Amino acid sequence: MREFRLPLLEPSQAQLEKCVYCPKLCRAACPVSEVEANESVTPWGKMSMAYFAARGDVPIDAHHGEPAWACSNCYACTARCNHRNNVSSVLTDARADLFTRGAAPEAAQAVSRQFQARAESLRQLVESVESEHRRAHHGHGARASTEGGALSVLVGCGYTRHAPEVARDALGAIETLLGAPARAVRACCGQPLLYAGDRRGFADAARVLAAEVNASAGPAEPLRGSRSPKDTPRFVVVDPGCARTLLVDYARVGVDLPAPTLFVDLAHGALERLDQSVSTLRARYHDPCQLGRGLNRYDEPRAILKQILGRQPEEFGYTREHAECSGAGGLLPVTRPATSAAIADRRLEEHRTLGGGLLVTHCAQSLRRFRQSGEQAEDLVSLVAAAIRPG
Ligand code: SF4
Ligand code: SF4
């Protein structure tokens, strides 16, 4: 290989070459190329273009860079690949190099430019969600209870902005599960910047969030359900996309955090406290990409749903590792809105063909996508909040 013009891709040379010389075995797994019917946005096409740009075979410009953003970061190709090639991660690195070289699409650059203003509005929205939660659960005059408290909760921007009732449900359910007041983290994990390609901005956002979480970590005292301070959750993350960013991508930019506890694990650890609370005839579970392939949680949400429904949830044709994407990840709704909507429509068409009913997910982005298309969709968080018994 000649000198790499996209240096972040250098460690991925073997993965890139495997894709370039592959007969596109994962082709049918990619929601983007399936919807667009375009070879240049198959995993093979996107990896090949990144490889050619890195080698200097094509110009580094917005036209040749654009396929790197034609990815919902769903990991479906990796699940089909004999080499388990991590296309999502390589394309995310390609975005960072292309962004630095001024070859990012305008929509991705806009995400970067607007991030600070959105971070400020997020802070205000989180405070408002937390106040409403406190009023509802602790009554008027409730103390701004948890400044400097021991339990931090990162709900996620998607829930806070587009489904604030889920954000409130999350705070209520976590406080009930752990028997302690929770403080909602005011910062964004930076995932929009990561997917936009603004790696420096992402690292800055990660440091801001880490500083806030570390500053609010109080003295370790056992919370309800914990045997000792050591196994007490200090930091709970609700949105699986944020959790994956913290667990995988923060290490790549050298940012340390206390190990987060996933909301789904917390609820799964308290199954005996969940009442049967949903009487709907049909409820089908959508495996969110970040929770399933991203964090390997397939059994936990199903066990929670079984407890709440009193029976197993209904399933799609392809489930678990081979579940299909909702089209809501990887900034696709911003960079390729029509493709993102068409991917969601495919998912919903299957749901309706199978008999419809309540569609349950556990991901702010897919929840929003499904609701935008008029589907009756709920997040696992809200079902847990309605089902949980105080310990
Ligand atoms: S991810 Fe694997 S299956 Fe898909 S093109 Fe690359 S090498 Fe082939
Ligand atoms: S991660 Fe998903 S969207 Fe991206 S290339 Fe692979 S299958 Fe396609």
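Taken together, the values in this text are just the output of simple stated rules run on the coordinates, not laboratory data. Keep in mind it's a predicted model, so treat the numbers as computed, not measured. When we count neighbours, we look across all protein chains shown, and the Cβ atoms used for this are built from the backbone with ideal geometry, even at glycine.
Observations, loosely collected:
- Placing +1 on the Cβ of every Lys and Arg and -1 on the Cβ of every Asp and Glu, with nothing else charged, gives the chain a dipole about its Cα centre of roughly 260 debye.
- Packing, as the average of other Cβ atoms within 10 Å across residues, places the peptides 78-84, 92-98, 105-111, 184-190 in the order 92-98, 184-190, 105-111, 78-84, highest first.
- Taken as Cα centroids, the stretch 79-143 and the stretch 336-367 sit 21 Å apart, rounded to the nearest whole angstrom.
- Computed per residue of the chain from DSSP H runs no shorter than four, each worth -39500 (n - 2.57), the mean residue ellipticity at 222 nm is -14500 deg cm²/dmol.
- Value of D in µm² per second that Stokes-Einstein yields for the stretch 7-100, Kirkwood Rh from Cα pairs, at 37 °C (0.692 mPa s): 256 µm²/s
- Beta bridge orientation in the chain: antiparallel %, DSSP, nearest 5: 5 percent
- Summed residue charge, Cβ within 12 Å of Ala96's Cβ, Lys/Arg positive, Asp/Glu negative: +1
- Leu281-Arg252 FRET efficiency (beta carbon distance; Förster radius 51 Å; 0.05 resolution): 0.70
- Calculated FRET efficiency for the pair Glu120/Ala338, C-beta based, R₀ 30 Å, to 0.05: 0.50
- Loop-located trypsin sites (Lys or Arg not before Pro) in the stretch 333-384 (DSSP state other than H, G, I, E, B) with a sparse environment of at most 16 neighbouring Cβ atoms within 10 Å are absent.
- Fully extending the segment from Ala303 to Glu3 would add 102.9 nm, taking 0.36 nm per residue of separation and subtracting the current Cα-Cα distance.
- Restricting the stretch 1-76 to trypsin sites (Lys or Arg not before Pro) that sit in a DSSP loop and have at most 10 other Cβ atoms within 10 Å of their own Cβ leaves Arg2.
- The chain pair-distance distribution - Cα-Cα, 20 Å bins, rounded %: 28, 57, 15, 0
- In the stretch 235-317, trypsin sites (Lys or Arg not before Pro) in a DSSP loop with at most 12 other beta-carbon atoms within 10 Å: Arg311
- Excluding same-chain neighbours fewer than eight residues apart, the aspartates and glutamates reachable from Lys18 by a Cα-Cα span under 20 Å are Glu3, Glu10, Glu39, Asp57, Asp93.
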